[in-house]
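S.K.: Here it is: the structure, laid out below.
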Amino acid sequence: MNEVSRRVYLVDDDPAVLKGLSRLLSSAGYQTSQFGSAKEFMECYDADASGCIVLDLAMPEVTGLELQKWLRQSNSPLPVIFLTGRGDVSSSVQAIREGAVDFLTKPVNDEELLGAVRQALERERVARKERAEVAAIEARLAKLSPREREVLEHVVSGQPNKQIAAMLGTTVNTIKVHRGRVMRKMGVPSLPELVRLAARVGISASRHRVRKMGAEGPVS
């Protein structure tokens with residue numbers, strides 16, 4: 001785990017809680033950033049931030065649940081761990097349903113919190129890796145010409161070269177040339193690998209068939 005991914009953002013309106021949490025996490029090797037309110041965190045928020053958030057539930061102006069909703073709407077990658085001074089079942093259910101890693105009650109057990117932080121940072125690491133891989137695939141897709149993109153979509157839908165040529169009004173040899181260029185630009189050695197990469201960015205056989213049916217009517 002690199003230095004950046006060991007960052008924990010603490011959001012609580014109780015200075016004593018912030019101090020205690022920071023001391024505990026620092027002793028475990030984590031870096032912390034402290035915020036006395038959700039609003040303060042929102043004003044300093046960096047979309048490229050890496051790490052996780054330990055978030056108080058009940059705060060003035062903007063509550064923890066409202067901040068969680070704001071983060072989700074901002075497509076933030078930061079996992080959330082909630083802390084609350086009271087056992088609120090409905091809030092905990094809502095928080096977990098909205099993607100929170102854990103919902104802990106104050107005073108929090110040290111090992112329980114550290115375990116939740118480890119889980120949150122691992123979740124963030126995996127998600128960040130996934131986003132980077134998807135971005136790399138999309139960069140390869142951007143290098144395809146419009147016709148090569150069409151051929152790609154037909155290929156991953158399982159259509160043979162002859163059928164693709166007929167649909168696109170060209171020759172089989174031309175489709176073979178386009179298909180070879182697609183494979184090279186996408187950096188894949190085989191059709192199964194091409195299908196796998198395409199599926200990761202939302203290009204799938206089923207989606208392509210639905211699009212064709214919507215445009216041309218069901219295929220008999």
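The values are calculated or read from the model by the stated rules, or taken from the named source; none is laboratory data. Everything quoted here is computed from the prediction, not taken from an experiment. FYI the Cβ positions are ideal-geometry reconstructions off the backbone, even for glycines, and counts take in every protein chain you see.
S.K.: Of a type in the set (Ser, Thr, Tyr), part of a helix (DSSP H, G or I), modelled with pLDDT under 95 and surrounded by fewer than 15 Cβ atoms within 10 Å (Cβ to Cβ): is that true of SER206 in this structure? Full working, then the answer.
M.R.: Values: of a type in the set (Ser, Thr, Tyr): yes; part of a helix (DSSP H, G or I): yes; modelled with pLDDT under 95: yes; surrounded by fewer than 15 Cβ atoms within 10 Å (Cβ to Cβ): yes.
Yes.
S.K.: Which members of the stretch 61-83 meet the condition of being within 12 Å of the chain's Cα centre (by Cα) and of a type in the set (Gly, Ala, Ser)?
M.R.: Selection gives SER74, SER76.
S.K.: Quick one: count up the residues across the stretch 1-20 that are part of a helix (DSSP H, G or I), out of contact with any strand residue (DSSP E or B) (no Cβ under 6 Å at 6 or more places or on another chain) and free of Cβ contacts under 8 Å to residues at least 60 places away in the same chain.
M.R.: Filtering the stretch 1-20 for residues part of a helix (DSSP H, G or I) gives 4-6, 15-20.
Remaining after also requiring out of contact with any strand residue (DSSP E or B) (no Cβ under 6 Å at 6 or more places or on another chain): 4-5, 15-17, 19-20.
Next cut, free of Cβ contacts under 8 Å to residues at least 60 places away in the same chain only: 4, 15-16, 19-20.
Summing the residues that are part of a helix (DSSP H, G or I), out of contact with any strand residue (DSSP E or B) (no Cβ under 6 Å at 6 or more places or on another chain) and free of Cβ contacts under 8 Å to residues at least 60 places away in the same chain in the stretch 1-20 gives 5.
S.K.: Which condition number in (1) within 25 Å of ARG131 (Cα to Cα); (2) part of a helix (DSSP H, G or I) is the one that THR32 fails?
M.R.: Every listed condition holds for THR32 apart from (2).
S.K.: Under 6 Å by Cβ, and 6 or more places apart or on different chains, what pairs join a residue from the stretch 81-97 that is assigned by TED's automatic domain parsing to the domain that holds LEU71 with one that is exposed (fewer than 11 other Cβ atoms within 10 Å of the Cβ) and modelled with pLDDT of 75 or more?
M.R.: As it stands, the answer is none, since no pair meets every condition given.
S.K.: Taking the conditions exactly as written (free of Cβ contacts under 8 Å to residues at least 24 places away in the same chain and closer than 15 Å to VAL8 by Cα), does ARG23 satisfy them or not? First the steps, then the outcome.
M.R.: Values: free of Cβ contacts under 8 Å to residues at least 24 places away in the same chain: yes; closer than 15 Å to VAL8 by Cα: yes.
Here the answer is yes, as ARG23 does meet what is asked.
S.K.: Going through the stretch 133-170 one residue at a time, which ones are at pLDDT below 95, buried (at least 17 other Cβ atoms within 10 Å of the Cβ) and not in a helix (DSSP H, G or I)?
M.R.: Result: SER157, GLN159.
S.K.: Please go through the stretch 23-71 and give me each residue that is among the polar types (S, T, N, Q), within 17 Å of ALA116 (Cα to Cα) and buried (at least 17 other Cβ atoms within 10 Å of the Cβ), ordered by number.
M.R.: Result: THR32, SER50, GLN68.
S.K.: For the stretch 178-193, check the following and say yes or no: at least one residue is out of contact with any strand residue (DSSP E or B) (no Cβ under 8 Å at 6 or more places or on another chain), free of Cβ contacts under 8 Å to residues at least 24 places away in the same chain and acidic (Asp, Glu).
M.R.: Quick first cut of the stretch 178-193, residues out of contact with any strand residue (DSSP E or B) (no Cβ under 8 Å at 6 or more places or on another chain) only: 178-193.
Remaining after also requiring free of Cβ contacts under 8 Å to residues at least 24 places away in the same chain: 180, 183-184, 188-190, 192-193.
Of the ones still in play, those that are also acidic (Asp, Glu) are 193.
Scanning the stretch 178-193 turns up at least one residue that is out of contact with any strand residue (DSSP E or B) (no Cβ under 8 Å at 6 or more places or on another chain), free of Cβ contacts under 8 Å to residues at least 24 places away in the same chain and acidic (Asp, Glu).
S.K.: Still on this structure, I have one more. Take the conditions modelled with pLDDT of 95 or more, surrounded by 14 or more Cβ atoms within 10 Å (Cβ to Cβ) and assigned by TED's automatic domain parsing to the domain that holds SER27 and apply them to VAL108. Does it pass? Break it down stepwise before answering.
M.R.: Values: modelled with pLDDT of 95 or more: no; surrounded by 14 or more Cβ atoms within 10 Å (Cβ to Cβ): yes; assigned by TED's automatic domain parsing to the domain that holds SER27: yes.
Here the answer is no, as VAL108 does not meet what is asked.
S.K.: Please state which of the following conditions ALA95 fails to meet, knowing it meets all the rest: (1) buried (at least 19 other Cβ atoms within 10 Å of the Cβ); (2) part of a helix (DSSP H, G or I); (3) at pLDDT 90 or above.
M.R.: The one condition ALA95 does not meet is (3).
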